[in-house]
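What follows is a single structure, written as structure tokens, with notes after it.
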Amino acid sequence: MRRVLVTGGAGFVGRPAVAALVARGFEVHALGRRAPEGAHAFHSADLLDAGSRRAAVRAAGASHLLHLAWVTEPGRYWEAPENLDWTAASLDLVRAFHEAGGERAVVAGTCAEYDWTGIEPLAGPSPPSPRKRGEGRDDPVVVATSGSGGEGASTDETPSDKPPHVRLPARFGDDRVAEALSPHAGRGDASALRRGHLSESAPCRPATLYGAAKDGLRRILSAYAASSGLSLAWGRLFYLYGPGEAPGRLVGEAARALLAGRRFATSVGHQRRDFLPVTDAGEAFAALLDSGVEGPVNIGSGAAVPVRTILETLGRLTGRPELIDFGARPLPPTEPARIEADIRRLTDEVGFRPRLTLDEGLRATLAADAGQ
């Protein structure tokens, strides 16, 4: 039986990922502070402590690694200094794993790595000024949440969790560096980029410390894998929703408000975003790990829908559409009109296709919230 070491296994994406890995026949060893349900073994360790981390890696003796853990505290992870700690810890984790005999690693990335400045904004065809990159943007997805690290899609409707106005040097998005370190990094198709349809070849120029940390980690690990013989894949998550969402995230907040009979203030909702049920995201990571595909792979639905459609569907399913206050919160005119994943690598190379429709995913979210 193949053995996989999973970090962030008790988090938002980690829980369905662990279940999917078990279903694929992996012996799952979890590493972290909380033991996820369904894991065959648990190694209690502080991932930010080098001694504890390395001892757990040696004890697990895994051939595969799925690294989901990261800092994702809503409202601060975009510029949290802990992003530097997690970058350093992740580099050492992958190195320790490979030096202990590990053969294949999959690490969670984010669509916040991409350059969004060339995407047509809601206001019209003129791209937003580079000086305002990240200002008032949606929270893109990442993986596990609360304590266990990783990333989870945050709401674009919660002002307190907007990506901050961070100006990073152009070298963070130097396409020549990206192309040197990864065959799937480059400039992408100009027309698709303007429409917000992002393939793995789209340029990376993150606007936040969080995005830069993820992008930098990918580049260094890609170079390390190429020189050491490690098989490495990078799963770029877009927007997520589903059972177990933490407070401050669009779908979960709206679902809980409507179920409780409370009003939900939001924007007009014309911006289109690529939302994927977290169950599908977990299964996608398991499929990616189980494949031989290397390099960046987008993990999304492949079909961006208006935020308004998502909320209207929640209103219909709860029978409380009148509680949604569209337009009560402003949205900057520089907001990207569409952010959508090109998932051809996921479907054609990995062989995974999202299962749940929007309606099915939202029903599952409501059922979980209603049962709490």
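The values are calculated or read from the model by the stated rules, or taken from the named source; none is laboratory data. What you see is a predicted model, and the numbers here were worked out from it, not measured in a lab. Ideal geometry is used to build each Cβ from the backbone, glycine not excepted, and the neighbour counts take in all protein chains shown. Remember, those area values only see protein heavy atoms, side chains included, never the ligands or the DNA or RNA. Shrake-Rupley method; radii C 1.70, N 1.55, O 1.52, S 1.80 Å.
Annotations for the structure displayed:
- Number of residues in the range 66-88 that are surrounded by fewer than 23 Cβ atoms within 10 Å (Cβ to Cβ) and closer than 17 Å to L232 by Cα equals 1.
- Which listed residue is assigned to a helix (DSSP H, G or I) and open to solvent by less than 30 Å² (accessible area, probe 1.4 Å), from R15, R53, R95: R53
- Residues located in the range 58-87, provided they are part of a helix (DSSP H, G or I) and more than 16 Å from A45 (Cβ to Cβ): E82, N83, L84, T87
- Criterion applied to D325, D359, D348, D342 was being under 18 Å from R236 (Cα atoms) and surrounded by fewer than 18 Cβ atoms within 10 Å (Cβ to Cβ), and the one residue passing it is D348.
- Conditions (1) closer than 23 Å to I343 by Cα; (2) open to solvent by 20 Å² or more (accessible area, probe 1.4 Å): number failed by A226: (1)
- Qualifying residue in the range 234-253 (condition: within 16 Å of L65 (Cβ to Cβ) and buried (at least 22 other Cβ atoms within 10 Å of the Cβ)): yes
- Applying the condition of being without any contact (Cβ under 8 Å) to a residue 60 or more places away in the chain and closer than 30 Å to M1 by Cβ to the range 64-99 and asking which residue is nearest to the chain's Cα centre (by Cα) yields A89.
- Residue match in the range 272-282 (condition: surrounded by fewer than 24 Cβ atoms within 10 Å (Cβ to Cβ) and among the aliphatic types (A, V, I, L, M)): no
- Residue check for A246: at pLDDT 95 or above and of a type in the set (A, V, I, L, M): no
- Qualifying residue in the range 341-349 (condition: part of a strand (DSSP E or B) and not polar (S, T, N, Q)): yes
- Residues considered: T313, T334. Of these, the only one that is modelled with pLDDT under 95, among the β-branched types (V, I, T) and touching an Asp or Glu at 6+ places or on another chain (Cβ under 8 Å) is T334.
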